[in-house]
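Undergrad: I'd like to ask some things about the structure below.
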Amino acid sequence: MKIEFLGHSAFRIAAQKTVLIDPFLSNNPRSSVKPGDLTDIDMVLVTHGHGDHLGDAIEIAKNNDAVFVAMYELAHYAASKGVKQFEPMNIGGTIDVGGIKITMTNATHSSDFEGGAGHSAGFVVNFGDHSVYHTGDTGVFYDMKLISELYNPEVALLPIGSRFTMGVKEAIKAVELLDPQVVIPMHYSTYPAIEQDPQELKRAVGDSTHVVILAPGESFTF
Ligand code: NI
Ligand code: MN
């Protein structure tokens, strides 16, 4: 499984299928790719409607004929914009898309999009041999322990930027609750308002969990 960081909260995860999560690319000052560069995407997962997550998801889903996966309201919004294949879901549910199991998890955060509102979510993506938890935008919450008990994600993608999401202090607690093998920090230093030093998380976590710090365009193979 290859996990490529595309900047902010965007990841391309390539295993038996290629999954794209929260592709905020064309308006992202630190993105490593342009939407048109992505031509191998099987499914696009969007955690919530904020522009730095919905981003280029609709365009990419259309261009790749990919399956758009999001909360009910947001999935139907994408369909109204011309996305042909879409899978609406909601918190607590699991769907199987081409052999990949996708569970929608809670996130403590707001959400809106053009003409709609909704809730925010995260995803646990289970590829069979490996699983990844993308928390979406969220503060830390104790039910991360429940997510760990139910789905046992090996890799956790955690925001550390603070202001709009948890910061480093809370991410340290999230690592304790989730106890993953690997943590990759996200949603930081895209803008001055969310400037953070990911080394602080790495130092605090120590050797118990592997903290992998990726610059946009870098990847980690698990
Ligand atoms: Ni947000
Ligand atoms: Mn955000």
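Undergrad: Just the residues that are of a type in the set (A, V, I, L, M), touching a residue at least 40 places away in the same chain (Cβ under 8 Å) and surrounded by fewer than 17 Cβ atoms within 10 Å (Cβ to Cβ), please, taken from region 202-222.
TA: Initial filter on region 202-222 (of a type in the set (A, V, I, L, M)): 204-205, 211-215.
Filter once more, keeping what is touching a residue at least 40 places away in the same chain (Cβ under 8 Å): 214-215.
Once the filter is applied, which keeps residues that are of a type in the set (A, V, I, L, M), touching a residue at least 40 places away in the same chain (Cβ under 8 Å) and surrounded by fewer than 17 Cβ atoms within 10 Å (Cβ to Cβ), region 202-222 yields only 215.
Undergrad: To continue, here is another question. Can you tell me which residue in region 53-71 is nearest to ligand 2 (Cβ to nearest atom), limited to those that are touching a helix residue (DSSP H, G or I) at 6+ places or on another chain (Cβ under 6 Å) and over 16 Å from residue 100 (Cβ atoms)?
TA: From region 53-71, those touching a helix residue (DSSP H, G or I) at 6+ places or on another chain (Cβ under 6 Å) are 56, 58-60, 68; that's our starting set.
Restricting the remaining residues to those that are over 16 Å from residue 100 (Cβ atoms) gives 56, 58-60.
On the way: 56: 15, 58: 17, 59: 19, 60: 18 Å.
Going through the qualifying residues, I end up with 56.
Undergrad: Just name the residue that is farthest from residue 23 (Cα to Cα) out of those in region 42-72 that are within 16 Å of ligand 1 (Cβ to nearest atom) and either among the polar types (S, T, N, Q) or in a strand (DSSP E or B) (or both).
TA: Top of the filtered list is 71.
Undergrad: Considering only region 13-45, state which residues are within 25 Å of residue 103 (Cα to Cα), out of contact with any helix residue (DSSP H, G or I) (no Cβ under 8 Å at 6 or more places or on another chain) and without any contact (Cβ under 8 Å) to a residue 60 or more places away in the chain.
TA: Listed by number, the residues that qualify are 14, 18, 43.
Undergrad: Could you check region 24-53 and list, in sequence order, the residues that are out of contact with any strand residue (DSSP E or B) (no Cβ under 6 Å at 6 or more places or on another chain) and hydrophobic (A, V, I, L, M, F, W, C)?
TA: Initially, region 24-53 is screened for residues out of contact with any strand residue (DSSP E or B) (no Cβ under 6 Å at 6 or more places or on another chain), giving 25-27, 29, 34-39, 48, 50-53.
Within region 24-53, 25, 38 qualify.
Undergrad: Please determine whether any residue of region 138-153 is in contact (Cβ under 8 Å) with a residue 60 or more places away in the chain and farther than 24 Å from residue 191 by Cα. Give the derivation first.
TA: Just the residues of region 138-153 that are in contact (Cβ under 8 Å) with a residue 60 or more places away in the chain, to begin with: none.
No, there is no match, as no residue in region 138-153 is in contact (Cβ under 8 Å) with a residue 60 or more places away in the chain and farther than 24 Å from residue 191 by Cα.
Undergrad: For region 157-191, what are the residues that are within 17 Å of residue 132 (Cβ to Cβ), of a type outside the set (A, V, I, L, M) and within 13 Å of ligand 2 (Cβ to nearest atom)?
TA: Across region 157-191, the qualifying residues are 159, 187.
Undergrad: Consider residue 170 against the criteria (1) of a type outside the set (S, T, N, Q); (2) in contact with a helix residue (DSSP H, G or I) (Cβ under 9 Å, 6 or more places away or on another chain); (3) farther than 25 Å from residue 1 by Cβ; (4) buried (at least 17 other Cβ atoms within 10 Å of the Cβ): it satisfies all of them except one. Which criterion is unmet?
TA: Condition not satisfied by residue 170: (2).
Undergrad: Go through region 195-222 and give me each residue that's out of contact with any strand residue (DSSP E or B) (no Cβ under 8 Å at 6 or more places or on another chain) and assigned to a helix (DSSP H, G or I).
TA: Across region 195-222, the qualifying residues are 199, 200, 203, 204.
Undergrad: Might you check whether a residue that is more than 16 Å from the chain's Cα centre (by Cα) and either over 22 Å from residue 26 (Cα atoms) or part of a loop (DSSP other than H, G, I, E, B) (or both) occurs anywhere in region 186-194? Give the derivation first.
TA: Quick first cut of region 186-194, residues more than 16 Å from the chain's Cα centre (by Cα) only: 189, 191-194.
In the following step, the residues that additionally are either over 22 Å from residue 26 (Cα atoms) or part of a loop (DSSP other than H, G, I, E, B) (or both) were identified as 189, 191.
Checking region 186-194: at least one residue is more than 16 Å from the chain's Cα centre (by Cα) and either over 22 Å from residue 26 (Cα atoms) or part of a loop (DSSP other than H, G, I, E, B) (or both).
Read-outs: derived from the displayed coordinates by stated rules, not from any lab. Since the model is a prediction, treat every value here as computed from it, not as a measurement. Counting neighbours? That spans all protein chains shown, and the Cβs are built from the backbone with ideal geometry, glycine included.
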